[in-house]
Amino acid sequence: MKKQELQTPAILLDMDILERNIRTYQEACNRGGKSLWPMIKTHKSAELAKMQLDAGAEGFLCGTLDECEMLCRLGAKRIMYAYPTANPANIRRFIALEKQTELIIRLDSYEAAALLQAEAEKEGVTVPYTVIVDMGFHRFGILPGSLAVFVQKLSALKNLKFLGISTHPGQVYGAASRAEVEAAAKLERDTMKAAAAELAAAGFPPEIVSSGSTPTFLSAAEDDTINTLHPGNYTFFDAIQIALGSAMEKDCALRVFATIIAHPSADRFLCDAGSKCLGLDQGAHGSTSIKGYGRIVGHPELTLAGLSEEVGKILVSGTTDLKIGDTIEIIPNHSCSSANNTSFYTAVRGDEVVGAIPVDARENSIHREIG
Ligand SMILES: Cc1ncc(COP(=O)(O)O)c(C=O)c1O
């Protein structure tokens, strides 16, 4: 079947581009002697995680417990959950998984650690953890200078085992220039170096020094201290990564395929893909370098200026040959959001449709508690 025969909207995944992205990032890790543990919140798919494993990934980072469970079923050996747990039902679910695989948690408070310790002790398991270091993103994290005291305090919790330190340079998504991206990458390296030194000096040398973001990946892959990398978005890339200089249009594997369904005025067209396909992201943390709600491939004269749920509003500047019935491909601003909006990817190789790939660990796609 050809792509042009598909119904729209469809979330296309170009397998040739995807395979190249997985290979390129794996090879950079291999060259730098790093362990690649991709963040899988981007794709939430067992089939894609398996491709990453086959390419050489040694572990994974997850944003949800659904993702941890999916990887556990897949037989992945080292799984890290990116955030602390504090809700009793979540803690029980985490500990139940801990009995089946090595599941590492990230912590940044004594309170969350103590809640986890209580359940771990009750169930007779040991939970390995890394400490979240705040490298200036000011989301989670302990500031360098307070890390040794924190790890010392947690060492009283006998069912927790210190493994190392982790961070995420999320502020890079607010960068307005390549120089600002590079400054964030340098801060990531410098902060983790200081954090590792502080802990080693206090008698807690970190086995894992982990960090991850797609825009800072290449810099971290060449660093002396960071040994484990967690890029996520690199599998698909998107318009935000193009704006930050981390990717080009040819690297973007995920695209929304849509049809032009109306042309109400000379400068306005409507397509059949809206926020329920594309998401409303205009930059995760406030990027101003993004124009509109996605990039329409091959049409620099078009701006996707507005989205309602199932409809996209396209404005023309200058002239265009677009007409009702034409199909377009849109590179989403944030591909992770588009991926979370579909139950399957339509896999393509160029113009050929080659299959459907389930997105099997989507947020709230499985209910497990209500009878
Ligand atoms: C904690 C953490 N690590 C890694 C990543 C991956 O970053 P990116 O999507 O830039 O590759 C994210 C993304 O949000 C994250 O929250």
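Points worth noting:
- Near PHE344, the amide H atoms lying under 5 Å from its own belong to VAL359; only residues 5 or more places off or on other chains count, and H is placed 1.01 Å from N.
- Along region 114-128 the Karplus relation, 6.51 cos²θ - 1.76 cosθ + 1.60 evaluated at θ = phi - 60°, assigns HN-Hα couplings of 5, 4, 5, 4, 4, 6, 5, 5, 4, 8, x, 10, 10, 10, x Hz to successive residues, with x for each Gly and Pro.
- Paramagnetic label zone (point 7 Å from Cα along Cα-to-C-beta, ARG349; backbone N under 19 Å) in region 1-41: 1-6, 12-24
- Using the Karplus relation 6.51 cos²θ - 1.76 cosθ + 1.60 with θ = phi - 60°, the per-residue 3J(HN,Hα) values for region 180-193 come to 5, 5, 5, 5, 5, 5, 5, 4, 4, 5, 5, 5, 6, 5 Hz, with x marking Gly and Pro.
- Over the chain: helical MRE at 222 nm, DSSP H runs n ≥ 4 each giving -39500 (n - 2.57), nearest 500: -9000 deg cm²/dmol
- Virtual spin-label span in nm between ALA89 and ASP321, 7 Å along Cα→Cβ: 5.6
- Built amide H within the under 5 Å cut-off of SER213, gap 5+: HIS230
- A Förster radius of 41 Å, combined with the Cβ-Cβ distance separating ASP190 from ALA262, puts the computed FRET efficiency at roughly 0.20.
- Cα long-axis angle, helix 15-32 against the chain (0 to 90 degrees, to the nearest 10): 30
- Counted residue by residue at 0.36 nm each, then reduced by the alpha carbon distance between them, the extension gain from LYS77 to GLU102 reaches 8.4 nm.
- Cross-link pairs beyond the 31 Å C-alpha cut-off, checked among LYS77/LYS276; LYS3/LYS77; LYS2/LYS323; LYS3/LYS186: LYS77/LYS276; LYS3/LYS77; LYS3/LYS186
- Neighbourhood charge, 11 Å Cβ-Cβ cut-off, centred on ALA114 and excluding it, Lys, Arg +1 and Asp, Glu -1: -2
- All aspartates and glutamates inside 17 Å of LYS161 as judged from Cα atoms, apart from same-chain residues fewer than 8 positions distant: GLU98, GLU102, ASP108, GLU111, GLU119, GLU121, GLU123, GLU207
- With a simple spin-label model that places each label point 7 Å from the Cα along the Cα-to-Cβ direction, the separation between SER146 and SER308 comes to 4.8 nm.
- Panel order for THR191, THR214, THR320, by other beta carbons found within 10 Å of each beta carbon, from fewest to most: THR320, THR191, THR214.
- Where a label projected 7 Å from the Cα of ALA156 along Cα→Cβ would reach, residues of region 200-228 with amide N under 20 Å: 202-204
- Cα-derived Rg to Rh of region 15-238, Kirkwood definition: 0.95
- Between 0 and 90°, nearest 10: helix 65-74 axis offset from the chain longest Cα axis: 90
- A simple spin-label model places the labels of ALA202 and ASN364 3.9 nm from each other, with each point 7 Å out along Cα-to-Cβ.
- If you take the Cα centroid of region 217-241 and the Cα centroid of region 297-328, the two points sit 32 Å apart.
- Within the chain, percent of DSSP bridges classed antiparallel, to nearest 5: 50
Only the coordinates and a few stated rules stand behind these numbers; no lab work does. Values in this document were obtained by computation on a predicted structure and should not be read as measured data. Note: ideal-geometry Cβ built from the backbone for every residue, glycine included; neighbour counts use all protein chains shown.
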